[in-house]
1. Lysines near Lys207 by alpha-carbon distance under 30 Å, same-chain residues fewer than 8 away left out - which ones?
2. How big is segment 33-165 along each principal axis, measuring the range of its Cα positions in Å and listing the largest first?
3. If you average the alpha carbon positions of segment 178-194 and of segment 314-338, how far apart do those two centres end up, in angstrom?
4. Rg and Dmax of the chain, using alpha carbons, in Å: what are they?
5. Find out how many positive minus negative residues lie around Leu216, taking Lys and Arg as positive, Asp and Glu as negative, among other residues whose Cβ is under 14 Å from that of Leu216.
6. Per residue, how much accessible surface does segment 115-242 expose to a 1.4 Å probe? Answer in Å², no decimals.
7. Roughly how many percent of the accessible protein surface of segment 58-215 is carbon and sulfur, given a 1.4 Å probe and a whole-percent answer?
8. Which order do Ile208, Ile190 take when ranked by solvent-accessible area (1.4 Å probe, heavy atoms of all protein chains), largest first?
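The values are calculated or read from the model by the stated rules, or taken from the named source; none is laboratory data. Given the structure is predicted, the values throughout are model-derived calculations rather than measurements. Note that we place each Cβ from the backbone using ideal geometry, even for glycine, and neighbour counts take in every protein chain shown. The protein model used for the area step is the full one, side chains on, heavy atoms only, and it has no ligands, DNA or RNA in it. Shrake-Rupley method; radii C 1.70, N 1.55, O 1.52, S 1.80 Å.
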Amino acid sequence: MNTINYPNLMKNYSIENINSIVKGTIVGQTTYSITAPEQLELAKETEISFIGNKKYEKLWQNSKACAAIVNEDISIEPGENKVFIKVKNADLAMSLVLEMFAPAPPQFAFETHPTAVIDISAKIGAGTRIGANVYIGPNVIVGENVTIYPNATILDECTIGKNTIIWSGVVVRERCHVGNFCILHPNCTIGADGFGFRPCPERGLVKIPQIGNVILGNNVEIGANSSVDRGKFSSTILGDGCKIDNLVQIGHNSILGKYCIMAGNSGLAGSVTLGNGVIIGGSASIKDHLTLGDGVTIGAGSGVAADVPAGKTMIGYPAVEARTALKQWAILKRMATQ
């Protein structure tokens, strides 16, 4: 019988330990060691918080936290037996602190669980861990140090890059390719059929075969219950570093440049092209066959029905340039009060 030895989850750091990681400037003094990070309102005396925006400075007075990561331009003092660590960017520094306190990931009792089903033709890289009830189909290639949690499915002729993490319930459909250092969160689907139907007098709605695939670049993250549909002819492509939230729909043959962000409940219809660094807010929707240039931002809940040039910020339904939308809303507000 295999047993698992879990590490001690209690962690404890001095302010100096933490500052050695975030490389800031310590202001003030405290007798406490840090046992956990926590938000300002909930923090206990032995916990560290952060102030990433001046509007939250007012919460520090009533916070019990003994320490906070703060921006260099903070306008308040830490107070008695409390410490600030001043940094250039409190949000980025706090991410390093969270890494310090992060608990260990779920443990594997077996490198490959005996209930996993792996086709004889599949190639599995060194250091890869495969959980219970995983299915890996014919001619799949899995790179080194991949982690596949229980009940994931990887179908025929897929490739999975090194150091990728595939959480439970993920389905990677046939002939799709996932890059290195990717994270696929629970129950997301890579390579489902695109939504293609045409009316036919004799047969009603005729399904259009979707014979393409999906290609994910390196360092791509797909949120829980999101879907990236396979191309009708060729590939749906997500460039390196794209970050996709939960419950996002990416339609067939869409192409995303590098470092695009899509927030929850947003969606791309088929054959949408995004440039590099595009940001799409929650619940926004993009019409099919549109192009959004580099650095475009789409506000939450917006509906985009035309191409958007690089660098523009669009809001509203239908979406218009932000400055125009704000003027329109101001006029409507004045009319409503007359």
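1. Lys232, Lys287
2. That works out to 65, 26, 21 Å along the principal axes.
3. So the separation of the two Cα centres works out to 38 Å.
4. Gyration radius and largest Cα-Cα distance of the chain: 24.3, 81 Å.
5. On the way: positive: Lys162, Arg173, Arg175, Arg230, Lys243, Lys258; negative: Glu221, Asp229, Asp240.
Once positives and negatives cancel, what remains is +3.
6. I get 43 Å² per residue for segment 115-242.
7. 56
8. Values: Ile208 45, Ile190 0 Å².
In descending accessible area the options line up as Ile208, Ile190.
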